[in-house]
Amino acid sequence: MLLRFTKMHGLGNDFMVIDLVTQHAQLSAKLIRQWSDRHTGIGFDQLLVVEPPGNPDMDFRYRIFNADGGEVEQCGNGARCFARFVQDKRLTAKSEIHVETAGGPIILNVNADGQITVDMGAPRFSPAQIPFQADTEALTYTLEVGEQQLQISTVSMGNPHSVTLVDDLDSFPVASLGPLIEKHPRFDQGVNAGFMQLIDRHHARLRVYERGAGETLACGTGACAAAVAGIRLGHLVSPVSIQLPGGSLHIEWAGPGQPVMMTGPATRVYEGQIRV
Ligand SMILES: N[C@H](CCC[C@H](N)C(=O)O)C(=O)O
């Protein structure tokens with residue numbers, strides 16, 4: 001059987017997107033790892049799957065799998081591509097799309113200018129919600145990483161994030177410290193490791209070593225987590241422009257209990273078919 005898919009990206013964070021509303025396929029971690037290989041497969045950071053909703057009040061279920069085959073709770077750049085995909089495929093005529101994910105409900109708005117704004121839900125901070133091993137909730141924690149002691153903030157956007165402030169992002173050893181944080185024993189389910197350089201009160205630069213995918217050109221939930229951490233620490237004021245290697249995202253957050261609003265592009269690259 002041939003399975004249709006669309007290759008897409010959000011600021012260079014790239015995806016294979018498949019519609020399992022009108023198609024059927026049995027996915028496995030092994031198959032996803034084969035597909036994600038950038039030499040022998042299609043190549044992507046994440047696989048995004050469109051399914052019918054479980055909850056009749058929602059329009060779709062949105063499932064996310066990392067390149068390593070693991071299913072995860074949320075993907076922000078993917079959410080914008082999801083919105084573009086379901087409109088392009090005529091799976092919906094709505095411009096406000098309500099979607100259920102393993103990390104909680106999100107709302108996608110396709111704007112007149114083609115940008116997409118996502119209500120990502122409220123961030124969570126308690127260690128149990130990250131999950132992260134700590135005695136009490138704090139704004140920052142000291143994490144032993146290799147020979148170093150790093151100050152990190154932790155934020156859940158449905159998926160887990162650590163945020164470390166650095167002075168010079170270009171020279172910071174993301175490739176060596178990222179994987180040590182990603183698989184640090186204090187993060188029970190692993191973590192996406194963000195590294196942020198403050199520019200001014202409304203701007204910051206960010207690199208993210210993603211759980212299950214490595215360093216990506218952009219990370220939407222990572223941008224949300226970094227903006228929220230910067231605001232909580234008093235370094236940033238909403239709205240915040242987060243500049244990632246692949247481009248910038250506009251983030252707004254009105255404070256604890258309020259949703260994080262992320263706005264950015266979604267790009268279609270090509271249509272494909274693969275035998276399953
Ligand atoms: N690697 C992430 C999932 C993808 C998130 C990222 N691509 C985004 O745009 O938010 C995790 O394991 O939680």
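The values are calculated or read from the model by the stated rules, or taken from the named source; none is laboratory data. Please read all numbers here as calculations on a predicted model, not as lab measurements. Positions of Cβ are generated from backbone atoms using ideal geometry, with glycine treated the same way; all protein chains shown enter the neighbour counts. Just the protein is used for accessible areas: all its heavy atoms, side chains included, with ligands, DNA and RNA removed. Shrake-Rupley method; radii C 1.70, N 1.55, O 1.52, S 1.80 Å.
Here are a few things to note about the model shown:
- Any hit, the range 164-174, residues being at negative phi and within 10 Å of the ligand (Cβ to nearest atom): no
- Being open to solvent by less than 10 Å² (accessible area, probe 1.4 Å), away from the ligand (no atom under 12 Å from the Cβ), among the β-branched types (Val, Ile, Thr) and under 26 Å from Glu182 (Cα atoms) is a description that applies to Val240.
- Test: residue in the range 213-233 that is open to solvent by 50 Å² or more (accessible area, probe 1.4 Å), over 14 Å from Val163 (Cα atoms) and touching a residue at least 60 places away in the same chain (Cβ under 8 Å): yes
- Residue check, Arg80 within 16 Å of the ligand (Cβ to nearest atom), open to solvent by 20 Å² or more (accessible area, probe 1.4 Å), in contact with a strand residue (DSSP E or B) (Cβ under 8 Å, 6 or more places away or on another chain) and modelled with pLDDT of 95 or more: no
- Single condition Leu169 does not satisfy, out of (1) open to solvent by less than 10 Å² (accessible area, probe 1.4 Å); (2) in a loop (DSSP other than H, G, I, E, B); (3) within 21 Å of Gln189 (Cα to Cα); (4) not polar (S, T, N, Q): (3)
- Residue selected from the range 196-210 under the condition open to solvent by less than 30 Å² (accessible area, probe 1.4 Å) and either outside any strand (DSSP E or B) or within 16 Å of the ligand (Cβ to nearest atom) (or both), by the criterion farthest from Ala229 (Cα to Cα): Glu210
- Subset tally (residues that are part of a strand (DSSP E or B) and either aromatic (Phe, Trp, Tyr) or touching a residue at least 40 places away in the same chain (Cβ under 8 Å) (or both)) for the range 101-111: 1
- Ser153 meets all of the listed conditions (1) surrounded by 20 or more Cβ atoms within 10 Å (Cβ to Cβ); (2) within 13 Å of the ligand (Cβ to nearest atom); (3) part of a strand (DSSP E or B) but one, namely (2).
- Every residue from the range 10-37 that is within 16 Å of the ligand (Cβ to nearest atom) and basic (Lys, Arg): Arg33
- Total residues in the range 71-100 satisfying the condition of being assigned to a loop (DSSP other than H, G, I, E, B) and small (Gly, Ala, Ser): the figure is 2.
- Verdict on Glu96 being touching a Lys or Arg at 6+ places or on another chain (Cβ under 6 Å) and more than 16 Å from the ligand (Cβ to nearest atom): no
- Some residue of the range 149-161 being assigned by TED's automatic domain parsing to the domain that holds Gly212, more than 23 Å from the chain's Cα centre (by Cα) and farther than 27 Å from Val260 by Cβ: yes
- Residues that are open to solvent by 10 Å² or more (accessible area, probe 1.4 Å) and within 20 Å of Leu217 (Cα to Cα), drawn from the range 55-65: Phe65
- Total residues in the range 173-195, condition under 18 Å from Pro245 (Cβ atoms) and part of a loop (DSSP other than H, G, I, E, B): 1
- Selection of the range 228-247 for residues being more than 13 Å from the chain's Cα centre (by Cα) and within 18 Å of Ala79 (Cα to Cα) yields Ile242, Gly246, Gly247.
- Here the range 249-269 is the region considered, the condition is being assigned to a strand (DSSP E or B) and without any contact (Cβ under 8 Å) to a residue 40 or more places away in the chain, and the residue that is surrounded by the most Cβ atoms within 10 Å (Cβ to Cβ) is Ile251.
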